[in-house]
Amino acid sequence: MYTEKVMDHFRNPRNVGELENADGVGEVGNAKCGDIMKIYLKVENGIIQDIKFQTFGCGAAIATSSAVTEMAKGKTLDEALKLTNKMVAEELGGLPPAKMHCSNLAADALKAAIEDYKKKHNL
Amino acid sequence: MRRVYLDHAATTPVHPQVLEKMLPFFKELYGNPSSIHQFGREVAIEIDKAREKVAKGINAQFPEEIFFTSGGTEADNLAIFGVAKALKDKGKHIITSVIEHHAVLDACESLEKEGFELTKVPVDSDGLIDLEFLKSAVRDDTILITIMHANNEVGTIQPIKEVVKIAKEKGIYVHTDAVQTFGNIPVDVQELGVDLLTISAHKIYGPKGVGALYVRKGTKIKGISYGGGQERKIRPGTENVPGIIGFGEAAKICIETFEKNKEIARLRDKLIDGLLKIEDVKLNGHRTNRLPGNVNVSIEYIEGEALLLSLDMEGIAASSGSACTSGSLDPSHVLLAMGLSHQTAHGSLRLTLGKDTTEEDIDYCLKVIPEVVERLRKMSPLSRN
Amino acid sequence: MRRVYLDHAATTPVHPQVLEKMLPFFKELYGNPSSIHQFGREVAIEIDKAREKVAKGINAQFPEEIFFTSGGTEADNLAIFGVAKALKDKGKHIITSVIEHHAVLDACESLEKEGFELTKVPVDSDGLIDLEFLKSAVRDDTILITIMHANNEVGTIQPIKEVVKIAKEKGIYVHTDAVQTFGNIPVDVQELGVDLLTISAHKIYGPKGVGALYVRKGTKIKGISYGGGQERKIRPGTENVPGIIGFGEAAKICIETFEKNKEIARLRDKLIDGLLKIEDVKLNGHRTNRLPGNVNVSIEYIEGEALLLSLDMEGIAASSGSACTSGSLDPSHVLLAMGLSHQTAHGSLRLTLGKDTTEEDIDYCLKVIPEVVERLRKMSPLSRN
Ligand SMILES: Cc1ncc(COP(=O)(O)O)c(C=O)c1O
Ligand SMILES: Cc1ncc(COP(=O)(O)O)c(C=O)c1O
Ligand code: FES
Ligand code: FES
């Protein structure tokens, strides 16, 4: 059902939790299956220094959250904004067709967090 | 790693004695029971014996009231479409409940699209159907009431005798899906008074791919598929001979060993009590009026599929009513009908015990599940802490 | 007493290698393939492998084109009702032949009662369909042509490629019932060009109670029963897991050992030649264009059931198109459609050879059958002597 990579991220999710005094916070909900994902950012010099997530969702949702944090960490905000759902899914070696919508959550939550940061800093 | 199978409501392993009975029917007793030669006749006799065993298992008066099918799903479809076909000139109103298995619910809804009228009886927060609602829903043109004997997700046992009482006054047929009850609580068609009843072998330590519809003698029903003369033309197609033989044996064993259900219920209660000690965990389904093997809890702030995968990594096989496990986008229609919010329904966990479940299995679950819940809650944006 | 099974068209014994493959799926690999835990996933993978083997057996392009059913009968019903349901707004005309198996013929006739129009293509005295008739029967509102690949009684192989040619010009779906051909002659869905094709495991040394419908990708079809999401909702119900596993293995074996059919055909010809030496015996079906294992003769002045019972007493298991064996009062619709009189049809005898049939079996038949015929003819008021 899930690839080994999905299961690895699910088993050992990277960057789980909250960031106190986060510079940007993004929360998105999946109207489709009722899941929620939250991403916290710490930004320095336009670079994502730290990132954490919290997810209420299926295995794919948790794995894509974990993967997107790993992919975004160390990137500039502009680079991070270029991450797409498809790239996250590909990073995980693919997702079952019924689970593709879960990967939308991850990239969307990251975008929301970056936008929140930009709004707070008038960028 | 310990492997603990707690998904007996999904399916059960075949009992060794059942498999042993089946084995000769693959390579030696392979004749087609419709054939009139010795190879066929010797098999036809054994099919009749299996039919008798299944009939006895539900206390049917005549073996001929048992029609073998390919499973519970087909038996449900046959009951509903078969009665609708036979009685459509008498009336076009059918009553079911909101918590039926999809084999019943979707079949009824498809009839609705074809011009039948459908009333769905609601349930209370324990999952019990509203008998008053049912009483007032009955009409002169009602031809069938189909209400399950016990629900597969939450285990609540329905008052089928009361349903039959309401129906009989008006001469309405009653069908009940007893897939989850047969073998677990007494299923006695005389006592229940139903006209049609569905059972499935793979839920009672019999093989997958065989079930049966009980049709009380005199009940009007038509076959819904076409072919040879098997099952008195109500269900044509070469019989799944080893399956039927296995079903007969499984039915026999499960009434002989009925006592074990008391012990299963004791372990169930221990598991329920232990799980309810976790914060923000709620039992779904009726506390006492439930299947001996069924535990269903909602665990707030976490999602069912993630929970199942985590438990699986610890060797525990369970099930959930979460949308994420179902392929559909809504969580379990049963939990929603009982008044749970989408979010709470998402975090449901079903653990169903079987005859081989041990005290150690339960202790293992009560050790592992709280840890897993804690870990997942830490990841959740919803959690209180 | 020697026991000679010559009823392989009715059913076959399960191949030892097939049973061996199935065995773990009763007690060990018993998970429900829909479950997301390990017990379920390990089974789901094996179902996919079986699906691939069956797909390969008929040269289907994609495993997803295979939908497992409970047998040939269900697959036939699914093809016909499923296409009718999907295309009823496009047209309501269906074409079949007069010699189809009842699973096809009766399904088509039931659609006729519901307002569809049905044309039945006649056959010649060899049992071959009339292609010219078919050509002129095709209409703008024809949605399906269903003609069997080879007939189960007389073994005549139909020109399905020609049928497809006629159909494709008009964009009409073609279904063929290949229950009797799969394993015996090449069944290649690319070569045949059909859109839907029925097969059944128990005719190819697989288990009873499992079959499949091939549905070419893109073909419009709807499920005809309701329940869970199995078989992509086209055929719901918990899968007959051991059955499907066995079907996959049987399909694999039968393409690997395809060569044996040549030897079967040689024994068939020996048997035919021997039987035709009896006075007033006539071959039914095409002399060469027939299934390698099929022998069907009409033996004047005697009646089929009496003949079968007499042969059975000598250990020979055979079949007949006699009314007395069928439960219906008319003899075989196939033999009548080929122009046989009621009386001649009554005296028909079908002997179908299989992979384990030996030269000695045939010699035994050629010794016993003439004696039995002679004995019965002595009792007959019709007999010439
Ligand atoms: C209540 C109920 N009805 C029907 C079915 C379908 O039975 P089967 O899987 O034998 O088709 C099931 C199990 O899946 C069930 O739990
Ligand atoms: C041509 C043909 N079609 C359909 C069937 C039905 O298949 P099954 O017995 O698997 O239902 C048979 C055999 O009985 C057959 O010979
Ligand atoms: S979050 Fe619901 S399916 Fe993935
Ligand atoms: S003579 Fe007895 S049934 Fe035909």
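Here are a few things to note about the model shown:
- Cut-off 17 Å, label 7 Å out along Cα→Cβ of C:ARG375, residues of the range C:1-40 by amide N: C:1-4
- In the assembly of identical copies, C:LYS85 has its label point, taken 7 Å from Cα in the direction of the beta carbon, separated from the corresponding points by 1.3 nm (ascending, one decimal).
- Most mobile of A:ASP23, A:ASP50, A:ASP78 in a GNM of chain A (Cα contacts under 10 Å): A:ASP78
- Ranked from shortest, the separations from the 7 Å Cα-to-Cβ label point of B:GLU20 to its equivalents in the other copies are 2.4 nm.
- Screening chain B for whole DSSP H helices of 27 Å or more along their axis (Cα) with average Kyte-Doolittle hydropathy at least -0.5 returns B:359-379.
- Peptide B:309-318 shows a mean partner chain C-beta count of 5 within 10 Å per residue C-beta.
- The distance from the alpha carbon centre of the range C:153-196 to that of the range A:36-107 is 51 Å, rounded to a whole number.
- Taking chain B as a Gaussian network of alpha-carbon nodes connected by springs under 10 Å, the highest mean-square fluctuation of the residues B:HIS93, B:HIS286, B:HIS37 belongs to B:HIS37.
- Here is how the number arises for chain C: DSSP H runs of 4 or more residues each give -39500 (n - 2.57), the sum is divided by the residue count, and the result at 222 nm is -12000 deg cm²/dmol.
- B:GLY211 sits among other residues whose Cβ lies under 14 Å from its own Cβ, and their net charge, with Lys and Arg +1 and Asp and Glu -1, is -3.
- Summarising the rotation from chain B to chain C, the nearest chain B beta-carbon to the axis and its distance in Å are given as B:SER70, 2.
- Relative contact order, percent, chain B [alpha-carbon distance under 8 Å, six or more residues apart]: 22 percent
- Anisotropy class of the range A:4-118 from Cα gyration tensor, a/c 1.5 cut: prolate
- Mean separation of Cα pairs under 8 Å and 6 or more residues apart, divided by the residue count, gives the range A:4-118 a relative contact order of 33 percent.
- Taking a quarter of the surface of the Cα convex hull of the range C:54-190 gives a mean projected area of 8.1 nm².
- Between this copy and the others, label points of C:ILE278 are 7.3 nm apart in ascending order, each placed 7 angstrom from Cα in the Cβ direction.
- For the segment C:182-189, counting C-beta atoms of other chains within 10 Å of every residue's C-beta and taking the mean gives 0.
- Computed E for A:GLU90/A:MET1 - FRET, C-beta separation, R0 25 angstrom, nearest 0.05: 0.90
- Based on protein heavy atoms only, the range C:233-385 ends up with 40 Å² per residue of surface accessible to a 1.4 Å probe.
- Normalised by the number of residues in the range C:135-261, the average gap of Cα pairs under 8 Å and 6 or more apart makes the relative contact order 18 percent.
- Global geometry of the protein assembly as shown, whether rounded, prolate or oblate, following the gyration tensor of its Cα atoms and the 1.5 cut on a/c: prolate
- Cα shape, the range C:1-123, gyration tensor, a/c 1.5 rule: oblate
- Spin-label model, C:GLU112 to B:PHE62: label points 7 Å out along the Cα-to-beta-carbon direction sit 3.2 nm apart.
- Charge context of B:PRO236, other residues only, Cβ under 13 angstrom, K/R +1, D/E -1: -2
- The average projected area of the range B:113-246, computed from the convex hull of its Cα atoms over all directions, is 9.6 nm².
- Average accessible surface for the range B:1-56: 42 Å² per residue, computed with a 1.4 Å probe over protein heavy atoms with every protein chain in place.
- Neighbourhood charge, 15 Å Cβ-Cβ cut-off, centred on A:ALA22 and excluding it, Lys, Arg +1 and Asp, Glu -1: -1
- Too-long pairs where the Cα-Cα distance tops 18 Å, listed order kept, from C:LYS270/C:LYS367; C:LYS90/C:LYS170; B:LYS260/B:LYS367: B:LYS260/B:LYS367
- Take each residue in C:222-231, count the other chain C-beta atoms within 10 Å of its C-beta, and the mean is 6.
- For chain C, modelled as a GNM whose springs connect Cα atoms under 10 angstrom apart, the maximal fluctuation among C:SER319, C:SER328, C:SER70 occurs at C:SER328.
- Interface area, chains B and C: about 4600 Å² of buried accessible surface, summed, with a 1.4 Å probe and ligands, DNA and RNA left out.
- Among the listed pairs B:LYS92/B:LYS135; B:LYS92/C:LYS220; B:LYS53/C:LYS21; B:LYS21/C:LYS27, a Cα-Cα separation exceeding 24 Å is found for B:LYS92/C:LYS220; B:LYS53/C:LYS21.
- Between C:ALA137 and C:LEU276, full extension at 0.36 nm per residue minus the direct alpha carbon distance yields a gain of 46.3 nm.
- Compactness of chain B as Cα Rg over 2.2 N^0.38 Å, two decimals: 1.01
The values are calculated or read from the model by the stated rules, or taken from the named source; none is laboratory data. Fair warning: this is a prediction, and the values are worked out from it, not measured in the lab. Please note: Cβ atoms are built from the backbone with ideal geometry, for glycine as well, and neighbour counts cover all protein chains shown. Side chains are part of the model used for accessible areas, which takes the heavy atoms of the whole protein and leaves out ligands, DNA and RNA. Shrake-Rupley method; radii C 1.70, N 1.55, O 1.52, S 1.80 Å.
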